[in-house]
Each structure stands twice: as structure tokens, then as C-alpha cells.
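Reading through the C-alpha cells given below for one structure.
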Amino acid sequence: MVIKIKQLLWLVLLTFVALFYQVSSLLKQKSCTPSSAGNSSIDDGPAIREAFLICGDRGTIVIPAGMTFMIRSPLDFKNCNACNFQIEGTLKVSDDLGYWEDKTTFFLLQNITGAIIHSLTGSGVIDGSGQAYWDYFARNTTYRRPLLIQISNSSNIIFTKLKIKNAPFWFFFTTDNSIDINFSNLILSAVSTSYNEPKNTDGFDTGVCSYVTISNIYVTNGDDCVSFKNGSNYITVNNITCVGSHGLSVGSLGLDPRYPYFVKNVYVSNATMINCTTATRIKFYPGGPSHGTVIVSNVTYKNIIVNNCDYALQVDNCYESNSTTCKMNPSTAKLDAIQFIDIIGKTSNTYDPVVARIECPPNGTCDLIFSRWDIVAPSGNSTILCSNYAHPSGVTCTPITYN
């Protein structure tokens, strides 16, 4: 009996010690609220970087509501270790075109293990000031614009409940072996107020990365809504609305002959595509010594609603290349286990009666499977143009006639 009492006392003591250390750890977690200079000509980046130094190790940095912080130099999250970056106000990139030319990115998360970038209230904004960049790029297409947010060689990163607008170039690029990245409840918008289009404003680009989740997203932009680029593996997209975009795209792939290109294990579900040039797309360069090999495998599009998009699907084996080059260097790409399930809706007048264009690789494989495809053009017709698609599954093809 005495032994049991002693054991019980030891358990109680150990429990109190554990609780003490937990409470002590919580008390050590610091919180910083940097101050904005309140002047658009002054860089608030140094104040935020100082906050990372003080509170970046498992602490919280708060961008307060009602305040705008000017970002006039690249903001690196390098001192964030499992930090909580809470944006309730606005981070606004400057439109100093000369300074930002050839810079890689405005916001960089590189070699970060654990970070939450979010708004508790949903009022937080990241503003890329894209209009000045789009207007200038329309006059000078050699100008190199930074992408807005790059996630590189990082893990356990969460972006949620934010409004992100007017990226000069891509919004998000996840690459360099990043893993376990989660985007949710985000509103992305790139809308021009001039005649110049918001060029190259991809919403989400995935490069060499795995286990990326994109969910509950609304995107209005002028390029790919989501682009699964080379190295994308285990990417999940669920519940996304894309307006005015170039679609949910695999690629482009095969540009550089020095590398093999692959995209695999992509699952897209519950997408609404509105006024897009293409709802779903696979794009790759031709074959030959000037381009790399291409493998796309285990990609599923499921429950896709098409509303006034020019094509419901486009498979392009001659991306950004002329027909002569492609005839001389036919693609050897391998498309394996590509599924289209429950694709419904209506295309625009642009290509009526054509609703899809499938140009499979002439010297490769084209394993495309359709289940419950219900797409019509405004005329009520539903022509699917095909080439090199030897055994159509679930759709009826009309051969493409080339001039």
C-alpha cells in the first residue's frame, strides 16, 4: 500500500513538472507589433525584420488593423521558426520599377520549418501594386518583374484567411523541395484598371514540391489559375473558383533539353471555371534535341463546372512553337492515367461548336479517360477535336484537319 502511494505521488509530481514546463514555454513565446512609418516613401521592411529577430522563434508578429506597411525592399522570413505572422492591416509593395527590376521576389520564405501567415479577422491584405508593373510591361516586355511570394525548401507552411491582390507577376511559387504547404480561404485578385492586361499573374504555381493543398480559394487573374509545373507531386486542389484565367493547367513542360520533366499525383476537385480561356489544360513543348522529355501521370480533374470558357479542355503538344518545328520534332511525351470525371457546363461562343481540343503527343502516349463528360457549346453542339488520340475513352472525337 505504501509503495502504491509513493508511485501515485511521483506521478502527481511528474504531472506538475510537465505542466510547469508547458506554461513556462508558453510564457516565453513573445509577441511583437511593429510600427509603420505612415509614409509611402519610407520602407517599413526593417521594422518587420526587427520583429522577426525578437519574436520570430515561435512567437507572434502582428501587422495591426487599419495600418499600411510599405515594402520597399525584399522581405525575407529567414528568422521565422514556427512563427505566427498575423496580418490584420495591409502589406503594400512599392511601385519603384527601377529598384525592383530583376529582383526574384517581394516576399521570401526559404529554409523555413513551420510558419502560419494569416488573418484572424479576414481583414489582412497583401497588395502587390501590380498596375504600374502591368502598364510598364505592356511597353517594355523585357522588364523582369518579381513574383509576389516564393516558398523555397520549406515545410509546414500555412497561408489562410487573407486577401492578396495585384501581383505584378505570379502570386505564389512553391518550389525547391518544399513539403506540407497549405493554402486555404484566400481571395486572389489581379484586375487592371487600364487597357493593359494583368499579364502572367498566375495564382498558384507549384514546382519541385510535394504534399501541397490548395482549398477554398477564389481567384480572378490574367493567367493560369493554378499551374502544376515541373516537379509537382501530390498536389491537391479542392473547392476553387477561377475567373478570367487560363485554367487549371499542367505545365508548361519540356522547355529545357537539359532536364526531364514530370508532374504526377495531382487531384483537382470541385472547381468552378468562369470566363476562362481554358478550364482544364495540359501544355508541353515539342520533342527533339531542343526540348526535354515529359511525363505526366495520375492526374484527376473531378467535378469541374465550366461557365463561358472558350475550351473546357485543351491538350497542347506544340506549346509556344510553330507547326513546322512540331512536325519536324514530334512530341514523345507520356500522358498516363489522366482522368476527367463529372465535367459539366457550357463553353463560350469563341470556338462554337468546338468545346475541347485534344492534340496528343504524336510519338508518345495519351491515356486520357473521360467519365460523365457533359459539355456543350452555346449552339447546343459538343464537338471535340482530336489528333493522335488513338483510343478515345468516354468521348467521341472529330479528327483535326491541319492546313
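For this structure, a couple of remarks:
The rows are residues; the columns are (1) farther than 30 Å from PHE137 by Cβ; (2) surrounded by fewer than 20 Cβ atoms within 10 Å (Cβ to Cβ); (3) among the aliphatic types (A, V, I, L, M); (4) within 20 Å of the chain's Cα centre (by Cα).
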site	(1), (2), (3), (4)
ILE48	no, no, yes, no
ILE54	yes, yes, yes, no
ILE63	no, no, yes, no
SER73	no, yes, no, no
ASP76	no, yes, no, yes
TYR99	no, yes, no, no
PHE106	no, no, no, yes
ALA115	yes, no, yes, yes
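- Residues that are under 31 Å from the mean Cα position of the chain (by Cα) and either of a type in the set (Phe, Trp, Tyr) or in a loop (DSSP other than H, G, I, E, B) (or both) were ranked within the range 379-403; the one that is nearest to ASN322 (Cα to Cα) is ASN388.
- Of all residues in the range 65-83 being out of contact with any Pro (no Cβ under 9 Å at 6 or more places or on another chain) and of a type in the set (S, T, N, Q), the one that is farthest from ILE54 (Cα to Cα): THR68
- Residue tally, condition in contact with a Ser or Thr (Cβ under 7 Å, 6 or more places away or on another chain) and either β-branched (Val, Ile, Thr) or touching a residue at least 40 places away in the same chain (Cβ under 8 Å) (or both), over the range 109-129: 7
- Which numbered condition ILE126 fails, given (1) part of a strand (DSSP E or B); (2) touching a helix residue (DSSP H, G or I) at 6+ places or on another chain (Cβ under 8 Å): (2)
- When TYR259 is tested against the conditions (1) at pLDDT 95 or above; (2) surrounded by fewer than 22 Cβ atoms within 10 Å (Cβ to Cβ), the lone failure is (1).
- Strands (runs of 3 or more DSSP E) contained in the range 270-375 and holding at least 3 residues free of Cβ contacts under 8 Å to residues at least 60 places away in the same chain, of a type in the set (Val, Ile, Thr) and more than 21 Å from LYS229 (Cα to Cα): 334-347
- Scanning the range 202-227 for residues being surrounded by 24 or more Cβ atoms within 10 Å (Cβ to Cβ) and part of a strand (DSSP E or B) gives a total of 8.
- Sole exception among (1) assigned to a loop (DSSP other than H, G, I, E, B); (2) of a type in the set (A, V, I, L, M); (3) over 13 Å from the mean Cα position of the chain (by Cα); (4) farther than 19 Å from MET273 by Cα for ALA167, by number: (3)
- Inter-residue pairs, beta-carbon under 9 Å, first within 26 Å of THR113 (Cβ to Cβ) and in the range 77-103, second in a loop (DSSP other than H, G, I, E, B) and aromatic (Phe, Trp, Tyr), 6+ apart: CYS83/PHE77; PHE85/PHE77
The values are calculated or read from the model by the stated rules, or taken from the named source; none is laboratory data. The model shown is predicted, which means the values in this text are computed figures rather than measured ones. As a convention, Cβ positions derive from the backbone with ideal geometry for all residues, glycine included, and neighbour counts pool all protein chains shown.
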